[in-house]
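Accompanying notes for the structure given below.
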Amino acid sequence: MIPSINNICCIGAGYVGGPTMSVIAEKCPEITVNVVDINANRIDLWNSKDLNNLPIYEPGLAKIIKNCRGKNLHFSTNVEKEIKNADMIFISVNTPTKTKGIGAGKASDLKWVEVCAREVAKYATGHTIVVEKSTLPVKTAEVIKNILENSNEKQEENNSTFDVLSNPEFLAEGSAINDLLDPDRVLIGGESNIAIMALHNVYRNWVANEKILHTNIWSSELAKLTANAFLAQRISSINSIGAICEATGADVREVARAIGTDSRIGSKFLDSGPGFGGSCFKKDILNLVYLSNYFGLREVANFWEGVVQLNSWHQHRISELIVKKLFGTITGKKISILGFSFKANTNDTRESAAITICRDLIEEGAILKIHDPKVNKYQIEDDLNLEEHSHLLSKDNFKIQRDGAWIFSEDIMDSFEEVDAVVVLTEWFEYSKLNWEIISKKMRKPGWVFDARSIISAKDVINSGLKLWRIGDGSID
Ligand code: UDX
Ligand code: ADP
């Protein structure tokens, strides 16, 4: 008989766990959803009265939290208790790329997943369905199952038994709530049909039957890596064509529109930008590379590695061309950076192109004013990871600083005072509405605008007397 799920525990209250559980709670009022995390500070933020203080920014999220928190949605650090009570446990913890040891720089570090699996083994009671939700390398479910069944932390008196499912997350940050409410598909991989149907029935509360796909567990794990690899490959492809456009006088927007009308190619995900970021693309491709090498498929590994290499080259290419356009030197020059998150509508900065580009510019001696509507200065400080003195804390320091530093810009109009260039790195809507006539008057001349997202009006910039470079556009200059 298919068990009905009454109590869900999600381990990991991050960008995946938080929004996913909020939507499950909203759509399944009869299920109690407990989200647990070892990071007490993060949990406090999830519980904050002021919904502007939630630890992650996602359009539509605060409204759901307001509806469900304290009713059937709870955030706590009580990992043991909530594992004990749960009949379904989602593992949604971080799985960054390993920095040392075997597979360093490519394989995912599964230490947090392993800790979780051991905790589940120790505390779970009766039959529990464990769902892997974190982005994981293929065969992780097998590792989890092995730990659950054989761990010596397992307590005999708990009579615990387990099924493990893979249910990869396809939400994109910035549109996570919509992606969860109206997914293209939900993928469930597993061995036990009964467990698959138990999770299927949770999603059936709001997702149509035909959109819920069942596969074996490895296909499900590999499908997640493959989806992200294909998407990332599209970005590297269009960015590579953008470089050719700049060299030849073509315009990548026109090329994208022309190829996008081919129904086999499709028009989405063809915007040339400063290079892909986010926590998934690079990590997932590197997992594929690791897997391919492991199985002796060197050509396959090289093929996918090229996507990441192109992305990294592309980011540095943008820094280099900024230096070139500013007469070959930016030492002591002031540059305004608009946007630090890896895309609009999120405060997430993981793998953001802005990190690489800002570091390059600071290394070349520029003094940056960095603005972002949702990323705070502590996060930027952490990401840039520079010597302490390079973070200028006061405007007075900014005026007298000679080279290689940055300051956080609270007020966007302040960002343009005396700068030689403005660089748009994130496609925040507010940046597309700037008044370039006013901005131009504040800047040092000749002033440059580098639009790495193609979101500002080329006409307005040029009419205001500024020089413009736009990603993939060889038709200006
Ligand atoms: C991605 C996948 O889309 C999602 O399905 C998966 O679950 C997690 O990884 P996410 O990283 O949140 O989601 O963002 P996405 O919208 O895919 O963008 C990734 C990067 O590509 C961003 O840096 C974005 O700016 C860039 N991008 C995207 C482009 O440069 N051009 C585009 O046309 C689309
Ligand atoms: P993602 O984008 O995959 O959601 P995040 O880093 O945003 O990744 O979130 C992962 C969360 O998992 C973090 O808040 C982290 O504190 C939490 N976490 C990691 N290990 C454990 C664990 N053993 N028990 C509970 N929470 C954990």
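The values are calculated or read from the model by the stated rules, or taken from the named source; none is laboratory data. Source: prediction; values computed, not measured. Neighbour counts are summed over all protein chains in view; Cβ atoms, including those assigned to glycine, are modelled from backbone coordinates with ideal geometry. Each accessible area value is taken on the protein alone, full model and side chains, heavy atoms only, with ligands, DNA and RNA left out. Shrake-Rupley method; radii C 1.70, N 1.55, O 1.52, S 1.80 Å.
Take the Cβ-Cβ distance between Asn78 and Ile400 as r, set R0 to 45 Å, and report the resulting FRET efficiency rounded to the nearest 0.05.
Computed FRET efficiency for Asn78 and Ile400 comes out at 0.30.
Based on the mean of other Cβ atoms within 10 Å per residue, sort peptides 451-463, 133-145 so the most packed one is first.
133-145, 451-463
How large a share of the accessible area of segment 64-177, in percent, is made up of carbon and sulfur atoms when the probe is 1.4 Å and the other protein chains stay in place?
47 percent
Compute, for Arg204, the solvent-accessible surface of its heavy atoms (probe 1.4 Å) with the complete set of protein chains present, and express it in square angstrom to the nearest 10.
100 Å²
Determine the percent antiparallel among the DSSP beta bridges restricted to the chain, to the nearest 5.
5 percent
So if we plug the beta-carbon distance of Thr215 and Ser432 into 1/(1 + (r/R0)^6) with R0 = 41 Å, what FRET efficiency do we get, rounded to 0.05?
0.50
For Ala458, what charge total do you get from the other residues with a beta carbon under 9 Å from its beta carbon, if Lys and Arg give +1 and Asp and Glu give -1?
Local charge sum for Ala458: -1.
Give me log10 I(q)/I(0) at q = 0.23 Å⁻¹ for segment 361-404, Debye formula, one equal scatterer per alpha-carbon, no solvent.
At q = 0.23 Å⁻¹ the computed log10 ratios are -0.88.
Can you tell me how segment 301-403 classifies by the Cα gyration tensor, rounded, prolate or oblate, using a/c under 1.5 as the rounded cut?
It comes out oblate by the Cα gyration axes.
So, with a 1.4 angstrom probe, what is the percent of accessible area on segment 387-465 that is carbon and sulfur?
48 percent
Towards the positive end of the charge dipole of the chain, with charges on Cβ (+1 Lys, Arg; -1 Asp, Glu), say which of Ala195, Ile318, Ile462 has the farthest Cα.
Final value for the positive-end residue is Ile462.
So what does log10 I(q)/I(0) come out to for the chain at q = 0.11 Å⁻¹, using the Debye formula with one equal point on every Cα and no solvent?
Reported log10 I(q)/I(0), two decimals: -0.96.
Send over a whole-number figure in Å² for the accessible area per residue of the chain, probe 1.4 Å.
Heavy-atom SASA per residue in the chain reads 46 Å².
Here is the link list: Lys49/Lys98; Lys211/Lys282; Lys71/Lys145; Lys325/Lys369; Lys66/Lys268; Lys98/Lys145. Which ones come out longer than 25 Å on Cα distance?
Lys49/Lys98; Lys211/Lys282; Lys71/Lys145; Lys66/Lys268
If you take the square roots of the eigenvalues of the alpha-carbon gyration tensor of segment 1-152 and sort them as a ≥ b ≥ c, do you get rounded (a/c under 1.5), prolate (a/b over b/c) or oblate?
Taking the square roots of the gyration eigenvalues as a ≥ b ≥ c, segment 1-152 is oblate.
With the cut-off at 1.5 for a/c, could you classify segment 197-333 from its C-alpha gyration tensor as rounded, prolate or oblate?
prolate
Among the aspartates and glutamates, select those whose C-alpha is under 19 Å from the C-alpha of Lys139, and discard any that sit fewer than 8 residues away in the same chain.
Asp109, Glu114, Glu149, Asp163, Glu169, Glu191, Glu221, Asp284
Could you tell me how far the Cα centroid of segment 41-117 sits from the Cα centroid of segment 278-314, in Å?
27 Å
What percentage of the solvent-accessible surface of segment 256-312, computed with a 1.4 Å probe over protein heavy atoms, is contributed by carbon and sulfur atoms?
Within segment 256-312, the accessible surface is 56 percent carbon and sulfur.
What trypsin sites (Lys or Arg not before Pro) in segment 395-436 are in a loop by DSSP, with at most 11 other Cβ atoms within 10 Å of the Cβ?
Arg402
Using the structure shown, list the pairs from Lys343/Lys395; Lys84/Lys122; Lys334/Lys377 with a Cα-Cα distance above 20 Å, or answer none.
Lys343/Lys395
With +1 assigned to the C-beta of every Lys and Arg and -1 to the C-beta of every Asp and Glu, and no other charges, what is the dipole magnitude of segment 1-104 about the Cα centre in debye, to the nearest 20?
Dipole magnitude for segment 1-104 comes out near 160 debye.
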